[in-house]
Structure formats: C-alpha cells, structure tokens
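The values are calculated or read from the model by the stated rules, or taken from the named source; none is laboratory data. These numbers come from a predicted model, not from an experiment. Ideal geometry is used to build each Cβ from the backbone, glycine not excepted, and the neighbour counts take in all protein chains shown. Note: accessible area is taken over every heavy atom of the protein model, side chains too, but ligands, DNA and RNA are not part of it. Shrake-Rupley method; radii C 1.70, N 1.55, O 1.52, S 1.80 Å.
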Amino acid sequence: MRAAQAQSVQRHEVAARLTADAGGTRGIAEDAMRQGQVRWTDKDGKERTGTALVNPGTPKGTTVRIWVDQEGTISSPPMTAAATTTGWLVGGTTAVAVATGVIAARTGMRLVLDRRRYAQWDAEWDLVEPGWSARFHQ
C-alpha cells in the first residue's frame, strides 16, 4: 500500500497528442497496443515528446492520456486498489504454501520414524517370538 500511495503522489496523468499514426489496425488483436510518438506540455510549460502505448490504428493528432512522473518522463500508471487485492492474494497463497510445506514435512518425518520404529519392533520380535511360541506348544 505504501508503494501504491507513493506512486500516486509521484505520477500524474496528462493529455498528449499523437504525432504520427499508430501502426496496425483494430481487429483480431485489439488488445495489442502499439508504441506511438506523443507530444505534451508539462506543468512548467515546456513541450515534451516521448513514446507511449496507444491503440492500433489511432490517427495522428488524437489526444491520448499518459502518465508522467515528477521529472516529466512517461511512466506507467500508479498502482490502484488492485495492489491491495494482489497483496492479499500473494499473502494468502504464501500462508497456504507454508502451511502445506509444514504439514508435508511433518507427515514425511512421521512416516520415516514409523518405518524405523516398525523395523525395530520386527527385529525385537524376531528375538522374542521363538521363546513365546514355544511356551504355547507344551
């Protein structure tokens, strides 16, 4: 959550204009974003250019929304509430994995110890059994 809060403070969204047509066409791979040259004016009034991901087939001059950091360079959007969900999911998965590992280790150790104990009992019974079975045959 701290990282998400820090990113939301450090980054802001600005409007930029596409300086060239984005390649490709919308169709089968609609989700496949293309890189396009964009131009925007930062908060100091300085005009900047950079490369941002845009929808394929977007014409030159279209306004697109981009995220920039405090230095004015293009960056990814800040983490959102999905960060909380991701944190809980990763934490829960880790807890389940640790618990499963502990249970598996305990079960494996118990199996090893039981096998050793049964082997010891068999060895002792091999020594004692002839005397016991002879008592009942008299």
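D by Stokes-Einstein for region 25-95, Kirkwood Rh over Cα pairs, 37 °C, 0.692 mPa s: 220 µm²/s.
In the chain, the longest principal axis of the Cα atoms and the axis of helix 82-135 are about 10 degrees apart.
Would you mind getting me the FRET efficiency between Ala81 and Ala32? Use the beta-carbon distance for r and R0 = 25 Å, nearest 0.05.
0.45
Take 120-129, 67-76 and order them by the average number of nearby Cβ atoms within 10 Å per residue, most first; the result is 67-76, 120-129. Keeping the other protein chains in place, figure out the carbon and sulfur percent of the accessible area of the chain, with a 1.4 Å probe. Ligands and nucleic acids excluded, carbon and sulfur give 58 percent. With a simple spin-label model that places each label point 7 Å from the Cα along the Cα-to-Cβ direction, the separation between Asp42 and Val9 comes to 2.0 nm. In terms of its Cα atoms, region 81-137 spans 80, 15, 5 Å along the principal axes, sorted from long to short. Based on Cα atoms of the chain, Rg over Rh with Rh as the Kirkwood radius reads 1.59. Modelled this way, with points 7 Å down the Cα-to-C-beta line, the labels at Thr93 and Gln120 are 4.3 nm from one another.
The length gained on full extension between Thr62 and Thr49, counted as 0.36 nm times the residue separation minus their Cα-Cα distance, comes to 3.2 nm.
What length, rounded to one decimal in nm, is gained on full extension from Asp69 through to Ile103, with 0.36 nm per residue of separation minus their alpha-carbon distance? Don't skip to the answer; put the middle values down first.
Working: separation 34, 0.36 × 34 = 12.24 nm, distance 4.66 nm.
Using 0.36 nm per residue and subtracting the Cα-Cα distance, I get 7.6 nm.
Straightening the chain between Ala134 and Arg110 buys 5.1 nm, computed as 0.36 nm per residue apart minus the Cα-Cα spacing.
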